[in-house]
Amino acid sequence: MSLSHFSKQKSAGNILWNCDFGYFSMQLKRLLQRITLLYPCREDLVGSLYQFLGYSSEILPEAIYISGPPCSGKTVILTTILRYLSGIHYAVVDCLECYTSKLLFEDIIDSLNCHELNYTNGFAPLVKCDNLRSFLLELRRGFKEEPVVIALKNAEKLRDMDANILPAFLRLRELSGINVCCILIGQIPFEKFFPKTGLPSIIRIKVPQYTKEQIEMILLKEFTKMQNSLKEKIRCNSQNSKEEYLKRLEIISSFDLNFYRNYLNTFLHMFYRVCRNLIQLRMVAEECFEKYCEPIFSDPSTSTNANMLWRNISGTLKDALETLYTRLNASSIESTQLSLQKREMKDFIQIVELPFYAKYLLIAGYLASHNPAKEDKRLFVKDHGKQRKRLKTVNAKAKVSEKTMLLQGPATFSVDRLLAIFHAIIDQKVCLTCDLLAQISTLVELGFFTRTSTDRNILEGSARFVCGLQVSVIMRIGEMVGFNVSRYLCDLL
């Protein structure tokens, strides 16, 4: 089939291929019907990929780059098409897992030969490919007369490997001498791949983000699955009597598509502006659906009262929105809110997204605020010498006093003391760079550190700060980075 059957459109430096499906054979129509049932709203991507890969008797394109946001169907649709096509050997490899070129080459060869690492073969690869030359020899030896497709997920990681890896994959057909196509799958524009020496031009396919209507259509196809999931939750609830259980099952069976469509409209109205990830939206929609149906279990006539259903679900949706990326389900959200204050949860959610060193800076700031400065040597220096037990000190510690640092509130600390504690508690050597100092400014802007001095430059030696976070939040951050905070608090020793 000639390229005249397809129209090219240039948009923002990328070539979008729009297919005229009237020219395709019946095989493609059947393939489109199968894949559309599994992955709706991606007919253009299926047609573009079939154009380049669907004719095994012809020469495959040398390289293709598929770009698009995460969870937009790039990898799963490509894998499905390759599985349906006959006569093509293919391998789908994740560059995030293969962090060296040796692992990448061996994983590709194993996938092409259907070799699985297991106990019987000692988890050893089929062949050892230490360099590009041995990888090319294995390709020529095993697939000299057969078409081969190599798909690389998270292709951005190729930029971190040797400088010859990315150009070699883009010219793999020329170097190997076989009919092979390399497909890169990534999230960034292809222009960000370009090294100083440049790269050859390749075919680019851009996958757009799902629209709100498309997400609603996809989630609406899972209505039966959502009904069965809700029935299973009610069955596992031991608090319901048998009569109540049968009543709720009957009510759930009476739900129709219009009822579920109203729920999705309410759900996406709040979540679509914040999250476009289809997998994340599907998970949260399933968790909140039971709460949406609670008024109907008490009074089935409220199923058409949209205002009442909205008032009942709005609080749960708002709480789920705040904990969207912490992987908490609805029950975890409710139990967490009973044990934590609202401010504390917001602080914790923001801290989860902070860099690694910023979390240690938070711990160091909290220790500086809640420990006396005279105790730093004893807490953070290994060879601090023996501490003499004087009678005055023993009597002072024997008295029951409520004026501890935790009860008195946080004290101020300087930047020098903050950095000294930071370098003492972290297990690795960290150089004092501009990036590290800039993270202190970020913590001040986020409100985790409060500036108490009037210095304009917060990084000056005379600037002083206070860490006002709760001890439970700092304990969680310590667990995330593997640091025992209670071991370095004077009041908890």
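The values are calculated or read from the model by the stated rules, or taken from the named source; none is laboratory data. Bear in mind that the values here come from a model prediction, so they are computed numbers and not experimental data. Note that each Cβ is placed from the backbone with ideal geometry, even for glycine, and that neighbours are counted across all protein chains shown. Ligands, DNA and RNA are excluded from the accessible area calculation, which covers all protein heavy atoms including side chains. Shrake-Rupley method; radii C 1.70, N 1.55, O 1.52, S 1.80 Å.
To the nearest 0.05, what FRET efficiency results for Asn258 and Thr197 with a Förster distance of 41 Å applied to their C-beta separation? Each step should come with its number before you reach the end.
Working: r = 59 Å, r/R0 = 1.43.
Efficiency, from the Cβ-Cβ distance: 0.10.
How large, in percent, is the carbon and sulfur part of the accessible surface of segment 48-90 at a probe radius of 1.4 Å? Walk me through the numbers before you get to the answer.
On the way: 800 of 1480 Å².
Carbon and sulfur atoms account for 54 percent of the accessible area of segment 48-90.
For a test of the definition: using alpha carbon positions, the gyration tensor, and the 1.5 limit on a/c, classify segment 154-259 as rounded, prolate or oblate. Before the final figure, lay out each step's value.
On the way: a/c = 4.15, a/b = 3.37, b/c = 1.23.
Judged from the Cα gyration tensor, segment 154-259 comes out prolate (a/c at least 1.5, a/b above b/c).
By the gyration tensor of its Cα atoms, with a ≥ b ≥ c the square roots of the eigenvalues, what is the shape of segment 40-106: rounded for a/c under 1.5, prolate for a/b over b/c, or oblate? The partial results should precede the final answer.
Details: a/c = 2.06, a/b = 1.24, b/c = 1.65.
The shape class here is oblate.
Assuming R0 = 41 Å, what is the FRET efficiency of Glu216 and Leu246, from their Cβ-Cβ distance, to the nearest 0.05? Please list the in-between numbers first.
Details: r = 32 Å, r/R0 = 0.77.
According to the calculation, E is roughly 0.85.
Rg/Rh for segment 62-206 to two decimals, with Rh computed the Kirkwood way over all alpha-carbon pairs.
Details: Rg = 14.7 Å, Rh = 15.6 Å.
Looking at segment 62-206, the ratio lands at 0.94.
Within segment 97-117, which residues have the backbone N less than 18 Å from the label spot 7 Å out from Asn131 along Cα→beta-carbon, could you tell me?
100-106
To the nearest 0.05, what FRET efficiency results for Gln239 and Ser441 with a Förster distance of 30 Å applied to their C-beta separation? It would help to have the intermediate numbers written out before the result.
Values: r = 51 Å, r/R0 = 1.71.
It comes to 0.05.
May I ask you to list the GluC sites (Glu not before Pro) in segment 160-260 that are in a DSSP loop and have at most 13 other Cβ atoms within 10 Å of their Cβ?
none
Carbon and sulfur: what percent of segment 112-245's accessible surface (1.4 Å probe)?
Values: 3830 of 7790 Å².
The value for segment 112-245 is 49 percent carbon and sulfur by accessible area.
Sorted by packing (mean other beta-carbon atoms within 10 Å per residue), highest first, where do 269-277, 426-434, 77-85 land? Display every interim value, and only then the final one.
Values: 269-277: 15.2, 426-434: 9.6, 77-85: 17.6.
Taking the mean over residues of other Cβ atoms within 10 Å, the ranking is 77-85, 269-277, 426-434.
Evaluate segment 215-302: find the radius of gyration of its Cα atoms, find its Kirkwood radius, and give the ratio Rg to Rh.
On the way: Rg = 13.5 Å, Rh = 13.7 Å.
Ratio of gyration radius to Kirkwood radius: 0.98.
What percentages make up the Cα-Cα pair-distance distribution of segment 151-199 when the bins are 10 Å wide from 0?
P(r) over segment 151-199, rounded to whole percents: 25, 57, 18.
Take Lys212, Lys128 and sort them by solvent-accessible surface of the protein heavy atoms, 1.4 Å probe, largest at the top. Working shown, then result.
Values: Lys212 65, Lys128 160 Å².
Heavy-atom accessible area, descending, gives Lys128, Lys212.
Rank these residues by their accessible area, most exposed first, probe 1.4 Å: His370, His423. If you can, show how the numbers build up before the last one.
Values: His370 15, His423 75 Å².
Correct descending sequence by accessible area is His423, His370.
Can you tell me which of 284-293, 164-173 comes out highest on packing, and rank the rest after it, using the mean Cβ neighbours within 10 Å?
Numbers: 284-293: 20.1, 164-173: 18.6.
Taking the mean over residues of other Cβ atoms within 10 Å, the ranking is 284-293, 164-173.
Starting from 0.36 nm per residue, how many nanometres of slack lie between Val76 and Gln209 once their C-alpha separation is accounted for? Walk me through the intermediate numbers first.
On the way: separation 133, 0.36 × 133 = 47.88 nm, distance 1.52 nm.
Roughly 46.4 nm would be gained on extension.
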